[in-house]
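Worksheet for the structure shown next.
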Amino acid sequence: MKILKLFTLFLLCVFIQGQGFEKKDILLPELGDRVSGAVSSDQEKAIGNEFLKQIFAQARTISDPLIYEYTELLIYRLSEYSQVQDRYFNIILIDDSNLNAFAAPGGIIGVNGGLFLNADNEGQFASVLSHELAHLSQRHFARNILKSQDSNLASALLLVSSIAVAILSNNPEAIAVAPALMQSESLRYSRLFEREADRVGFTNLIKAGYNPKSMGEMFENMNDLRRLSGELPPEFLLTHPLSTSRINDAFNAAESLSEIGTKKNSLEYSLIKSRLQIYYEKIPENALRSFTFAYEDNPSDANLYGLSLANKNLGNFNLSIKQINKLIKKYPKNLFLNTSKVEILKEAKKYDEALILADKFLEISPKNFPLSITKSKLLLEMGTYFNSEEIVRDQILRRNSDPDLWLLLSEIQKTSKNIIGYHQSRAEYLLLLGRDEEALNQLEFALKLTKNNFQVSESIMTKIVLIKERINITRNL
């Protein structure tokens, strides 16, 4: 409840300090219209930043650059066919094997690991992302606030914040803190948004070249999950109510379109699905047994990749390398597979071979995110701390709001005994999690160690002043 109150106060502050509210009848805009009333884009971004802190502070995330880059590139590619005006996204991979995805103000798109597991192919996966992009392009958050003016703004904000907490805490009952009438009205309105997001998302999915049946097939998968789960349906269905008419509408829309020339399931998607199946299987022997049977039944690339990772996790490195080499022979220039091989070689402590392979492909794809981070971790194990740190710093220039990168940088600095740098990086990590007091403590430790280094101490002091100002503002809300 403390988190809920703080988040609600933050939202109230954002809106009260913004433009005033004018009571009038609000009509649903036609597809593609822009909402320009109660919530500005800057206000949405401010709310999004706070929401992001809540996510990072409370939800476990998947720290896997290969999966992250794939998801990021797919979202940006899909956004080219969408009506999203500001194509700057914060993408979060939630470490949860349950099916879920969500869009939040400020270009935030969250994807559970379970979405990969429950989508049979990339088209189905992309249909969910297209749907979430439609929520952003149609400004559904802003329009929900517009409608709530006719009732009670505080109640509307309480509902929004409670939904945020429900997503973060995996506790749908948190929504019950909102007034019953407000809750009912919002849910009824949200179903209109869901249908609109379906229509816009479907159109954009087709523009992107995917099978028209993908969205309907994904809805069917969700419906099957709902039947199997009984009273505890997947999180996605709690925030995205699924009706028979939505499924029928998706298939009816697809019937009039040709499937010729549509995109097929990408190799990377099938590999990620196997990668996550390995990740969520806590008993390595079970993973090996499962993929052994799967490969015997269907010797697909994805099953062979899963077999290689399963052997790696059990320390069967020679067999794992042999299996990944079989795939690389088939796809010699595939960066995903070659980065995976670098990971396996690192685990096998074949450092020199791993470094040669990493450098070879970094020449072809300079600064590639997954391969760069894999190389940095390799150099860390090799004791080449300076180069390891430089690689991460270079990535932070482009991904300054990624807490995993700041955490990795702090670990490198701690290992290399760069204690001042460690405290500074740790502070940046904690700031992204909204833990300002702890970040302040880290910087105060660092300041004590700077001694006569005026340039460093000045930089730290400036940061300390800014954090104290922010803490005072929060306390006065």
From Ile321, Ile373, residue being touching a Pro at 6+ places or on another chain (Cβ under 8 Å) and in a helix (DSSP H, G or I): Ile373
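Residues of region 430-477 being over 27 Å from Glu50 (Cβ atoms) and among the basic types (Lys, Arg), which ones?
Of all residues in region 430-477, those over 27 Å from Glu50 (Cβ atoms) come to 447-458.
Lys448, Lys451 - these are the residues of region 430-477 that are over 27 Å from Glu50 (Cβ atoms) and among the basic types (Lys, Arg).
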Say we look at region 276-296 and pick out the residues that are not acidic (Asp, Glu) and not in a helix (DSSP H, G or I); which of these is modelled with the highest pLDDT? Ile283
Given the criteria on the phi < 0 side of the Ramachandran plot, within 24 Å of the chain's Cα centre (by Cα) and of a type outside the set (Lys, Arg), does Tyr279 qualify? yes
Against the condition free of Cβ contacts under 8 Å to residues at least 40 places away in the same chain and either surrounded by 15 or more Cβ atoms within 10 Å (Cβ to Cβ) or of a type in the set (Gly, Ala, Ser) (or both), how does Glu281 come out, does it pass? yes
Which numbered condition Ser184 misses (of (1) among the small types (Gly, Ala, Ser); (2) modelled with pLDDT under 90; (3) surrounded by 18 or more Cβ atoms within 10 Å (Cβ to Cβ)): (3)
Looking at region 327-344, is at least one residue in contact with a helix residue (DSSP H, G or I) (Cβ under 6 Å, 6 or more places away or on another chain), farther than 30 Å from Gln395 by Cβ and surrounded by fewer than 20 Cβ atoms within 10 Å (Cβ to Cβ)? no
Has region 393-404 got any residue that is surrounded by fewer than 22 Cβ atoms within 10 Å (Cβ to Cβ), under 27 Å from Ala57 (Cβ atoms), in contact with a Phe, Trp or Tyr (Cβ under 8 Å, 6 or more places away or on another chain) and touching a residue at least 40 places away in the same chain (Cβ under 8 Å)? yes
For the structure I just gave you, tell me whether Leu355 is under 23 Å from Thr415 (Cβ atoms) and surrounded by fewer than 19 Cβ atoms within 10 Å (Cβ to Cβ). yes
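The values are calculated or read from the model by the stated rules, or taken from the named source; none is laboratory data. Computed from a prediction, not measured in an experiment: that's the story for all the values here. We place every Cβ from the backbone using ideal geometry, glycine too, and count neighbours over all the protein chains shown.
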